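The values are calculated or read from the model by the stated rules, or taken from the named source; none is laboratory data. Please read these numbers as outputs of a predicted model, since none were measured by experiment. Here the Cβ positions follow ideal geometry from the backbone for every residue, glycine too, while neighbour counts run over all protein chains shown.
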Ligand code: SF4
Ligand code: SF4
Ligand code: SF4
Ligand code: SF4
Ligand code: SF4
Ligand code: SF4
Ligand code: FES
């Protein structure tokens, strides 16, 4: 960084640090000397590992964001939330049915929702989180799967929920049920799976495994994408 | 013969708290028993609705250990009959909330079995959780 | 009087899951008697039971958020009646209570509006109306004129339960001596019987973890209905329906001599009397099969 770089003051876990303007929150952490082991992953906004809560100057709102995607502002207060405690019930998807009763059994806390919409406010993915929780109570599992599609399991909603619902695990179950029982079946997929099982692609995969990095990358970036 | 009621310090606080939470002037209750007479749940209760009023009035915090406040289903039968226009259902709710707000649930939400989940309507589960969980 | 009432409709979660027959019969019968129900484009569970403490504003948020959506429908001209129509007794009671609370308390209204900053403010312009009330407005005599298949000789116990009559400021009729459901029963050509248990609580949510209470209360209610000459009970609450209808299974387990009795949603009777097809009556959804009774009366 050059000397002319503008700096801003941020408070990381309550302590003041000067960091370059335009940094993301993760960059600010690292600039300030924190070594992040948990709480960062892809740095691209996909993995959801970098959940952050912050408050900006002059705003009472506690906001949630992805540390790798949110740019710091002057006088921002920041804390990392590397992990949100949540129990995951074990289930066999084959034994379940795609309706409300499954959630009553596995995630009964869903029925504690008070419709405060705090989860939606907290979601860095702009998901209508309350709406997917509510869709489940109304028996609309496909709707829940659809609304929650962009969820990256950052956990911020669950952290703020007064009803202590673990929305992201609930979303996962809704999506699994949708995939298994409700989504339209794709014949093409069955054909392809059969081909894979019959070893049609074994040779190609073997070749790829032995490829140089560079060549593999080229192959990937120059791949043909068919959109029908 | 008029009696002088002595409240313990703690009890007076308790009464004040329940009066505030319920919005009811519990000391107005004259113990006529109309509420208990009409309550459809009275057989399931350990103390009667009018006794809840009495104990709270006297600041007897043991009222919080009675089953009655959990059995009261807010059916509002007493609400529409009290000659003093008091609302026992609100007092019950205030007592329940006093317990619940210490983060103590009165139901284990994980107890709903697969069979029960398949039967029970959402309306039952949502309302039970509202009344029995903190 | 408008020819056709086009009104925002709040279903509640149970009408979308276990009580679909309640909803479908209400919608289809409504069309025949001049009620067009337009479901709120967005709504959430009202919470079923109203919070009774003086604080706890959070619990009133769910109803109020629904009113915001109803106001939007009015502004967009999607309806010609700006009230909100509700079928389920418990939703009705809870939504009406919360509405009353914020309308009468501008501070509470402001707190809730401030909290819901992602939505528009609620202006307090919506009133809640129950299906029974709407039918009464239309006129039970007018409804009687539309009946094609009068439910002759069918003796019905009108079950109000708690939530339609209490507290008094929420009630759809006189709390101690109501007639609105009986008037409805007469309008479809059936015979309303007089009975004691019409507004005795069925045990409500105790059905989740204290079934004994519900079994005792439901049994008492059904036996009272039978003793008073009823052949079936009608209700407007999916929780009452579950407790009075489905829980007869448990009553029978406890008392094998118990005689079962069909329980209908009132809109199912309306649908039958209006001559609607079976798919709009939804008798498959009733636990105690009402078909033998209806066959005996030549109604199906
Ligand atoms: S729904 Fe919850 S876990 Fe998923 S992205 Fe939004 S806040 Fe994160
Ligand atoms: S934060 Fe929790 S209680 Fe509030 S709307 Fe979301 S899921 Fe419901
Ligand atoms: S508003 Fe905040 S501080 Fe007040 S009771 Fe609720 S959570 Fe606690
Ligand atoms: S009916 Fe009213 S005055 Fe009488 S005992 Fe009950 S609460 Fe007290
Ligand atoms: S509100 Fe409670 S105390 Fe009053 S009659 Fe009903 S169950 Fe009994
Ligand atoms: S459960 Fe009781 S309180 Fe609820 S609607 Fe039925 S009768 Fe009324
Ligand atoms: S590090 Fe993966 S989303 Fe931010």
If a residue has to be assigned to a loop (DSSP other than H, G, I, E, B) and either in contact with a helix residue (DSSP H, G or I) (Cβ under 9 Å, 6 or more places away or on another chain) or under 15 Å from residue A:116 (Cα atoms) (or both) to count, how many in segment A:126-167 make the cut? 19
State whether the residues of segment C:31-50 include one that is farther than 23 Å from residue A:117 by Cα, free of Cβ contacts under 8 Å to residues at least 12 places away in the same chain and not in a loop (DSSP other than H, G, I, E, B). yes
Please determine, by comparing only the residues of segment B:36-51 that are within 21 Å of residue B:106 (Cβ to Cβ) and more than 14 Å from chain C (Cβ to nearest Cβ), which one is farthest from ligand 4 (Cβ to nearest atom). B:47
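When you check residue A:120 against the structure, is it part of a helix (DSSP H, G or I) and either within 16 Å of ligand 6 (Cβ to nearest atom) or facing another protein chain (nearest Cβ under 9 Å) (or both), yes or no?
Values: part of a helix (DSSP H, G or I): yes; either within 16 Å of ligand 6 (Cβ to nearest atom) or facing another protein chain (nearest Cβ under 9 Å) (or both): yes.
Here the answer is yes, as residue A:120 does meet what is asked.
Given the criteria within 28 Å of residue B:79 (Cβ to Cβ), in contact with a strand residue (DSSP E or B) (Cβ under 7 Å, 6 or more places away or on another chain) and either modelled with pLDDT under 95 or within 14 Å of chain B (Cβ to nearest Cβ) (or both), does residue C:173 qualify?
Details: within 28 Å of residue B:79 (Cβ to Cβ): yes; in contact with a strand residue (DSSP E or B) (Cβ under 7 Å, 6 or more places away or on another chain): no; either modelled with pLDDT under 95 or within 14 Å of chain B (Cβ to nearest Cβ) (or both): yes.
It is false that residue C:173 is within 28 Å of residue B:79 (Cβ to Cβ), in contact with a strand residue (DSSP E or B) (Cβ under 7 Å, 6 or more places away or on another chain) and either modelled with pLDDT under 95 or within 14 Å of chain B (Cβ to nearest Cβ) (or both).
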Any residue at all in segment A:35-58 that's within 14 Å of chain C (Cβ to nearest Cβ) and more than 16 Å from ligand 1 (Cβ to nearest atom)? no
Filtering segment C:227-253 for residues that are over 21 Å from the mean Cα position of the chain (by Cα) and within 16 Å of ligand 5 (Cβ to nearest atom) leaves a count of 0
Among helices (runs of 4 or more DSSP H) lying entirely in segment A:168-228, which contain 1 or more residues that are touching a strand residue (DSSP E or B) at 6+ places or on another chain (Cβ under 7 Å)? none
Considering only residues of segment A:21-34 that are touching a residue at least 24 places away in the same chain (Cβ under 8 Å) and loosely packed, with under 15 Cβ neighbours inside 10 Å, which is farthest from ligand 1 (Cβ to nearest atom)? A:21
Filter segment B:98-129 down to residues that are within 9 Å of chain C (Cβ to nearest Cβ), part of a helix (DSSP H, G or I) and surrounded by fewer than 20 Cβ atoms within 10 Å (Cβ to Cβ), then give me how many there are. 3
Residue C:97 assigned to a helix (DSSP H, G or I), touching a residue at least 24 places away in the same chain (Cβ under 8 Å) and more than 21 Å from residue B:131 (Cβ to Cβ): no
If you go through B:110, B:46, B:87, B:30, the only one that is modelled with pLDDT under 95 and away from ligand 2 (no atom under 16 Å from the Cβ) is B:110
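Yes or no, residue by residue, for (1) crowded, with 18+ Cβ neighbours inside 10 Å; (2) facing another protein chain (nearest Cβ under 10 Å); (3) outside any helix (DSSP H, G or I):
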{"position": "B:30", "(1), (2), (3)": "no, no, yes"}
{"position": "B:53", "(1), (2), (3)": "yes, no, no"}
{"position": "B:69", "(1), (2), (3)": "yes, no, no"}
{"position": "B:91", "(1), (2), (3)": "yes, yes, no"}
Considering only residues that are out of contact with any helix residue (DSSP H, G or I) (no Cβ under 7 Å at 6 or more places or on another chain) and within 11 Å of residue C:271 (Cα to Cα), look in segment C:13-58 and name the one that is farthest from the other protein chains (Cβ to nearest Cβ). C:31
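A quick yes/no check of all residues on (1) free of Cβ contacts under 8 Å to residues at least 60 places away in the same chain; (2) more than 16 Å from ligand 5 (Cβ to nearest atom); (3) not in a loop (DSSP other than H, G, I, E, B):
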residue	(1), (2), (3)
C:184	no, yes, yes
C:201	yes, no, no
C:217	yes, no, yes
C:225	no, yes, yes
C:284	no, yes, yes
Determine which single condition residue B:82 fails, assuming it passes every other condition in (1) crowded, with 19+ Cβ neighbours inside 10 Å; (2) within 14 Å of ligand 4 (Cβ to nearest atom); (3) over 26 Å from residue A:163 (Cβ atoms); (4) facing chain C (nearest Cβ under 10 Å). (4)
Say whether the condition of being surrounded by fewer than 21 Cβ atoms within 10 Å (Cβ to Cβ), within 14 Å of chain C (Cβ to nearest Cβ) and away from ligand 5 (no atom under 16 Å from the Cβ) is met by at least one residue in segment A:140-148. yes
Can you tell me which of C:165, C:151 is assigned to a loop (DSSP other than H, G, I, E, B), touching a helix residue (DSSP H, G or I) at 6+ places or on another chain (Cβ under 7 Å) and without any contact (Cβ under 8 Å) to a residue 40 or more places away in the chain? C:165
